[in-house]
2 protein chains.
Amino acid sequence: MEAVYFKFILSLGLVLIFARICGELSERYFKQPAVLGELVAGIIISPFLLGGLIFCDPIILNFATVHNPFGLQGDFDIMYIIANIAVIILLFQAGVETDIRSFIKQAPTGLAVAFGGVILPFIGGYFVTKALCPDVGIGGWLFMGAVLTATSIGVTVRILMDMGRLNTREGSTILVGAVVDDIIGLIILSIVIELAQTGEFEILEAVKIGAIGFAVWFGLLMIGVKLHKYISRYLLNPFKRSGTAPIVALIFGFIVAYLVTLVGLHPVVGAYVAGLMFSACQEKEEIVEKGRPIMLFAAPFFFAYLGMMVNLRLFGAPGVAVLAVLLIVAAIAGKVIGCYIPARFPGKLSHNAGMIVGVGMVPRAEVGLIVAAAGYIAGAISLGLYGAAVAVSVITTLVTPAMLKPFFKRQLVQVSQPVSDNSESSDST
Amino acid sequence: MEAVYFKFILSLGLVLIFARICGELSERYFKQPAVLGELVAGIIISPFLLGGLIFCDPIILNFATVHNPFGLQGDFDIMYIIANIAVIILLFQAGVETDIRSFIKQAPTGLAVAFGGVILPFIGGYFVTKALCPDVGIGGWLFMGAVLTATSIGVTVRILMDMGRLNTREGSTILVGAVVDDIIGLIILSIVIELAQTGEFEILEAVKIGAIGFAVWFGLLMIGVKLHKYISRYLLNPFKRSGTAPIVALIFGFIVAYLVTLVGLHPVVGAYVAGLMFSACQEKEEIVEKGRPIMLFAAPFFFAYLGMMVNLRLFGAPGVAVLAVLLIVAAIAGKVIGCYIPARFPGKLSHNAGMIVGVGMVPRAEVGLIVAAAGYIAGAISLGLYGAAVAVSVITTLVTPAMLKPFFKRQLVQVSQPVSDNSESSDST
């Protein structure tokens, strides 16, 4: 059995090195963010392409899937645990590097952005599916709407960090928007699942779930803002002498990431708020500095693994292509317009900054995949609709880095709007 | 299914935070190395004690074991992958922090130490088992001898790093000794398994396995020593601009860790030699600095997980206790004497340094457990003998930190023998 464990070591090493090489190529020769190269690396070495052709092994460059483990029904993907660990580390680090005052200052704009970015894509997803697949019924139409409302914070945060622009007004707005989006998404998902399963739903129950999620998240943020002195004194100080206070902070991030899942939130939203809690502490700089190498090592695994989940052949099914293309258009246009308008007008961001917010909210990535999988398992959507939902998640993720880039460039020329610049970010990928 | 993944996040967080708290308590109040606290933390929160009482969950503070995955026969422990990743990071970091000249200078002494540390414990294990369990037969006696020859490099390396004494003569001697020990162990294990299964063995075949293992390992070391300029130029330089050269080095460590397993070596031995290859490069300092936080975060998981594997009740079986106690005495005395003599006399180390080498080679930890499990699966040893072998692996690991400490202290007073001091190590746990 030992040899099986060694295969995981190889798989980890191969995924990371391919991700790093493609990330470097992406930056150097295509002038694109590293994260795009990592996603593409994943697609290339996925079990559906290179990995399947070369290794033909259930573990090496594959999903290492176990059927019905722990007495549970369903497939269990072992490497996905490491992908989860990686994205938690990334979002925790993003939280610590966030300027908490700027985050709170942008909260009203971010809130408006989140709602704008939910309403338009939801309507788009609902009506596109209704027009092309009238037989699916209201449950399926609603689900495809729900898929389009999702926002994956990971890709955009990574690009913001890599470009040292996390703590700009647009950066903070995206962060607030993505967090609120997760909470709204929670409400929508609980409604559409109930509707698909029982044919009716309790709006009050769904709002309650959302309210609890929001209360927990906001409570944690307030603990960080108001009680950061106590966090320093009782949580970090005991570990200062051994130099492990930043490590303890990160471990705390893991525990908070789990705790928020108990009220239905996504663990990355917990990891992010845990990071925010420490960003108010005086130990912030040390945590940022020590956390960076851990993040640089782990995060590419998450993005490469996202890429590995893409089965390009799935998009070839008849009928899926047209639906997928229209949904992708609705997904991109819905988020860009739905987020740009509140960012630009009540939010008073510049045109460029507004576009960064709009485009930055586009990627659905793993959140879209999770919603789609939930719908497929609940029986609300067919395999064809599932394939289209996967296409939306993937394409919106892949186009974002290239779509964001020009607005960053133009902004640098025009003089940007930094609230506080994060010097730590400049030496990264 | 998502909730299952979240449980792994919680488990990881709990293991790490308990390990860190106990590590800190161990250092501060018991004046023992952090690694002892981490091992004890693991024992306390193991599924056999606290974890089993509180959570009663197949994942949270448990082994997350899957039966017969990937069409294989046997149990597969998911969290053990993370433990493996952690110990590879630790040994890679130890390799980079090693002064490669000092390592090579101590090679002859280390070689003698390895042989001394194999012969005495093997004889001890063989005769103790023969005397107490005459019915087991030669296969079982040889296996218990093999269990006692094992050396786990992890615990001692961690203590040496934590005390900033990796690059002393005794530190280098232990490192050489542990590496050679792994190669000798490979030969012995292949002999005893063949003997247990077929009743005879080919000494030539066994020596061939060992020779290949040694050749691969030595070849990698020589590549590092002779070609480090090319490693810098072709492997690290392309990633310098993005600041990820240290990350690429670590990923390379994972790949080498896997490659050496193809010739039967343990992955940590590969991770260590990969680290050594970079320790000759001009980028050494940067790799050391960026690698430290990753190591500080990951390594305690390995030690806590080692502790979690200890089922204290297993030692209570009748007859096991006496055998276990005698084997432990043979294991400790055999290594200390067998390694002290060659370190002291041909090696010309001081009494204290010789004792550090002798005691430093004592822990069997996971290597002893792997050998014992191989013997149990091959049918060479009974469950009783297996329990005794586990006891040897655990107790030799737990006593080492406390046994080493006084010699370090005395040596500091007497003026130590550093070949080159590693300033990076002083700010650690």
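Only the coordinates and a few stated rules stand behind these numbers; no lab work does. All figures in this text were calculated on a predicted structure; none of them were measured in a lab. Counting neighbours? That spans all protein chains shown, and the Cβs are built from the backbone with ideal geometry, glycine included.
Observations, loosely collected:
- Neighbour counting of Cβ atoms within 10 Å sorts the residues B:Ile294, B:Ile212, fewest neighbours leading, into B:Ile212, B:Ile294.
- Listed peptides B:378-385, A:187-194 by packing density, highest first (mean Cβ within 10 Å): A:187-194, B:378-385
- Anisotropy class of the range B:266-382 from Cα gyration tensor, a/c 1.5 cut: oblate
- Sequence of A:Val66, B:Val35, A:Val399 once ranked by neighbouring C-beta atoms within 10 Å, starting from the fewest: A:Val399, A:Val66, B:Val35
- Expected 222 nm ellipticity per residue - DSSP helices of 4 or more, -39500 (n - 2.57), all of chain B, to 500: -24500 deg cm²/dmol
- Each part gets one Cα centre, and for the range A:195-269 versus the range B:164-225 those centres are 48 Å apart.
- Test item: B:7-20 mean partner chain Cβ contacts at 10 Å: 6
- Near the amide H of B:Asp75, within less than 5 Å, lie the amide hydrogens of B:Asn68, all on another chain or at least 5 residues away, with H placed in the peptide plane.
- Overall form of the protein assembly as shown per C-alpha gyration tensor (a/c, 1.5; a/b vs b/c): prolate
- What the phi angles of the range B:352-366 give under the Karplus curve with 6.51, -1.76 and 1.60, with θ = phi - 60°, is a coupling list of 4, 4, x, 5, 4, 4, x, 5, x, 8, 5, x, 9, 6, 5 Hz, glycine and proline written as x.
- Neighbouring Cβ atoms from other chains, within 10 Å of the Cβ of residues in A:296-308, number 2 on average.
- Shape category assigned to the range A:65-112 from the gyration tensor of Cα positions, a/c cut at 1.5: prolate
- Highest-fluctuation residue, B:Ser102, B:Ser172, B:Ser242 considered, GNM on chain B with Cα pairs under 10 Å: B:Ser242
- Max mean-square fluctuation residue, GNM over chain A, Cα-Cα springs under 10 Å, options A:Gly74, A:Gly334, A:Gly177: A:Gly74
- Alpha carbon centroid spacing (whole Å) that separates the range B:83-145 from the range B:357-371: 6 Å
- Rounded to the nearest Hz, the phi-derived 3J(HN,Hα) couplings of the range B:378-390 under the Karplus curve 6.51 cos²θ - 1.76 cosθ + 1.60 (θ = phi - 60°) are 6, x, 7, 10, 7, 5, x, 5, 4, x, 5, 5, 5, where x marks glycine and proline.
- Here is the list for the range A:310-352: trypsin sites (Lys or Arg not before Pro) lying in DSSP coil, each with at most 13 other C-beta atoms within 10 angstrom of its C-beta, are A:Lys348.
- Neighbour-count ranking [beta-carbon atoms within 10 angstrom, fewest first] of A:Asp75, A:Asp182, A:Asp135, B:Asp99: A:Asp135, A:Asp75, B:Asp99, A:Asp182
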